[in-house]
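Everything on this sheet refers to the single structure shown next.
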Amino acid sequence: MKVLLVEDEIDIAVPINRFFSSLGWKCSVAKNLNTAIELLEEETFDICILDLFLGREKGSELIPILNDKGIPVIVLTVVDDVSEKVKCLKMGADDYLVKPFSFEELLARIEAVLRRLKGTNKKNSLVYENLEIDLLSMIVSIDGEMLPLPKKQVMILIKLIENIGRITPYEKLLSYAWSSYEDATIESLRTHVHYLRKALRKYGFDIISYVGIGYALKHEKTTKFS
Ligand code: CA
């Protein structure tokens, strides 16, 4: 996911940027309209999070440009001003959030906007027991609660779930979760699996290690395992 965050307040931009990075997303921050327009000319984005008050500038001026480029936009506003919200939605904003908001809410809005744009209300997700991975945002949740995991671990988990009931060989995990220019080693895979196993254990999941072969995911409820 590539996000364009247009926000002049560093105290707000930095934590949001950090949050997106923790999800493995790439986030570019623009403090003003000019920088935002420059970035939009250079790169493509999956979504734009747009603050309406950029010092003396109006964030809403960016909405038509984003619409032209087909980039969905969620506007941020401080005041819960109904007329301002309606104006932005009429201008082509896909949703809005009133500050202060939680990261969970921001994420839920982003997911909802992206789902709506894909023309489906059905989640594009992978489910195993009470664990769900949204394949669009790469968000892992257990019983509906978000579990923050580094992107590599999410990718390892995707392969393990796809192969549920079987052993997933090291090579398969490495070729899927690591890009070719990175140092894909059994050692680094082992480290990621270690942390992933730790994160999942309290929810009743375990990652079984088959020395020299690979890994398999199982849940304590799953009695049969071959
Ligand atoms: Ca602002």
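Rule-based calculations on the coordinates, nothing more; no lab input. In this text, all values refer to a predicted model and were calculated from it rather than measured experimentally. As a convention, Cβ positions derive from the backbone with ideal geometry for all residues, glycine included, and neighbour counts pool all protein chains shown.
Shown here are the Rg and Dmax of the Cα trace of the range 2-117, at 12.7, 35 Å. Placing unit charges on the Cβ atoms of the charged side chains and taking the dipole of the range 43-165 about its Cα centre, the candidate lying farthest along the positive direction among Ile142, Ile110, Ile47 is Ile47.
The angle separating the long axis of helix 82-91 from the principal Cα axis of greatest extent in the chain is about 80 degrees.
Backbone amide hydrogens, once placed in the peptide plane, bring Leu135 within less than 5 Å of Asn124, Ser125, Leu126, excluding anything fewer than 5 places away on its chain. A cut-off under 10 angstrom between Cβ atoms defines the neighbours of Ala93, and their net charge, with Lys, Arg +1 and Asp, Glu -1, is +1.
Provide the FRET efficiency to the nearest 0.05 for the Asp68-Ile10 pair, computing r from the beta carbons and using R0 = 41 Å.
Numbers: r = 29 Å, r/R0 = 0.70.
Using R0 = 41 Å, I get an efficiency of 0.90.
Expressed to the nearest 5 percent, the antiparallel share of DSSP beta bridges inside the chain is 55 percent.
Between the helical axis of 33-42 and the longest alpha-carbon principal axis of the chain there is an angle of about 50 degrees. Here the Karplus curve 6.51 cos²θ - 1.76 cosθ + 1.60, taken at θ = phi - 60°, turns the phi angles of the range 160-177 into couplings of 5, 6, 4, 9, 4, x, 9, 8, 9, x, 3, 4, 5, 5, 5, 6, 7, 8 Hz, with x standing for Gly and Pro.
In this structure the amide hydrogen of Thr168, modeled in the peptide plane, comes within under 5 Å of the amide hydrogens of Tyr215, Ala216, none closer than 5 places in sequence on its chain.
I'd like the FRET efficiency for Ser22 and Arg56, computed as 1/(1 + (r/R0)^6) with the beta carbon distance as r and R0 of 30 Å, rounded to 0.05. Mind showing how you got there, number by number?
Working: r = 32 Å, r/R0 = 1.08.
E(calc), rounded to 0.05, equals 0.40.
Taking the C-alpha atoms only, the angle from helix 10-22 to the longest principal axis of the chain is near 30 degrees. Magnitude of the charge dipole for the chain, about its Cα centre and with charges confined to Cβ atoms of Lys, Arg (+1) and Asp, Glu (-1), is about 1060 debye.
Dipole magnitude of the range 2-117 about its Cα centre, charges +1 at Lys/Arg Cβ and -1 at Asp/Glu Cβ only, in debye to the nearest 20?
On the way: 14 positive and 21 negative charges, 49 e Å.
That gives a dipole near 240 debye.
Across the range 105-114, coupling constants 3J(HN,Hα) worked out from phi with the 6.51/-1.76/1.60 Karplus curve, θ = phi - 60°, read 5, 4, 4, 4, 5, 4, 4, 5, 5, 5 Hz, and Gly and Pro carry x. Residues whose amide H falls under 5 Å from that of Tyr96, counting only those 5 or more places apart or on a different chain, are Val75, with hydrogens built in the peptide plane. Approximating the spin labels as points 7 Å out from Cα along Cα→Cβ, the Ala108-to-Ser83 distance works out to 3.0 nm.
If you find the alpha carbon centre of the range 19-68 and of the range 127-194, how far apart are they in angstrom? Centre-to-centre distance over Cα atoms comes out at 30 Å. Of all lysines in the structure, those lying under 23 Å Cα to Cα from Lys31, and not within fewer than 8 positions of it along the same chain, are Lys2, Lys58, Lys69, Lys85, Lys87, Lys99. Distance distribution note for the chain: the fraction of Cα pairs above 30 angstrom is 35%.
Computed from label points 7 Å out along Cα-Cβ, the spacing between Glu171 and Met146 is 3.8 nm.
Our coupling estimate for the range 182-188, obtained by passing each phi through the Karplus curve with A = 6.51, B = -1.76, C = 1.60 and θ = phi - 60°, is 8, 7, 8, 10, 4, 4, 6 Hz, Gly and Pro reported as x. With distances taken between every two different alpha-carbon atoms, the range 56-172 has a Kirkwood hydrodynamic radius of 16.6 Å.
Could you give the dipole magnitude of the range 125-219 about its Cα centre, charging the beta-carbon of Lys and Arg +1 and that of Asp and Glu -1, in debye to the nearest 20?
Numbers: 11 positive and 11 negative charges, 56 e Å.
The calculation lands at about 260 debye.
For the range 125-219, the alpha carbon convex hull comes to 89 Å³ per residue, rounded to a whole number.
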